[in-house]
Amino acid sequence: ARALLALVRDLVRNRLVDTLAASVIKVDDDLFRAADRAGSSGDQQRLLDAMIHLRNHRKEIPAAFARYFVEVFDRRLNSRAEEALAMTRPMSLADLSIVETNAVEDTLIVTELARGAKNAIEPDTLHAIRIRMAHLAGEESLDDRRNPIAPEAIYDALRRATSGIPGESPVRHAILEA
């Protein structure tokens, strides 16, 4: 079963990487058009900066996405075992931390993008994918938090892939949203 899941992971990863590589050009054009229509000079500059950073990192983004997709895929499939282990470990004050504002913003953007993707896909199609992935994982059901090919997983990998792009957080967010 693990070998079949690895084949599925690699097939999905390769198709998404090919799609991402092809869409980088379209995103560049979309950012330029959005900058042209921007309501303020600040928004326009943010979009133009995003466009420049995207051009400078055009080849790195698909490669980074491929790596992060594998990490997210594997982590989500193994999350039940990790959750069970975490439940047996006692909590301490050292486990608590303050979350950076950028991390919260990134999470919100991934959530919004995933929601938009889900709204664009037929619910029956999403359900069928979820059922097939659960079957491959040897489980009765698989919710979106654990589904390794759910829109949240894909956008999380994309967020991680773009996190290496220099510039302010709004620049990276503009790339994600385009």
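The table below lists the values:
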| item | result |
| --- | --- |
| Linear extension gain, R2 paired with A38, 0.36 nm per residue minus alpha-carbon span | 8.1 nm |
| For the stretch 104-178, accessible area per residue (1.4 Å probe, heavy atoms of protein chains only), Å² | 53 |
| Using θ = phi - 60° and Karplus 6.51 cos²θ - 1.76 cosθ + 1.60, couplings along the stretch 3-8 (whole Hz; Gly, Pro as x) | 5, 5, 4, 5, 5, 4 |
| Per-residue SASA entry for V24, accessible area with 1.4 Å probe, Å² rounded to 10 | 10 |
| Extension reserve of the S79-D124 stretch, reckoned as 0.36 nm per residue once the Cα distance is removed | 13.7 nm |
| log₁₀ of I(q)/I(0) at q = 0.18, 0.27 Å⁻¹ - the stretch 1-84, Debye sum with one point per alpha carbon | -0.81, -1.20 |
| Label-point gap, in nm, between D10 and R55 - each point 7 angstrom along Cα→Cβ | 3.7 |
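The values are calculated or read from the model by the stated rules, or taken from the named source; none is laboratory data. It should be emphasised that the depicted structure is a prediction, and the values quoted were computed from it without experimental measurement. Don't worry about glycine lacking a Cβ; one is built from the backbone with ideal geometry, like all the others, and counts go over all protein chains shown. We work out accessible area using only protein heavy atoms, side chains counted, and drop any ligands, DNA or RNA first. Shrake-Rupley method; radii C 1.70, N 1.55, O 1.52, S 1.80 Å.
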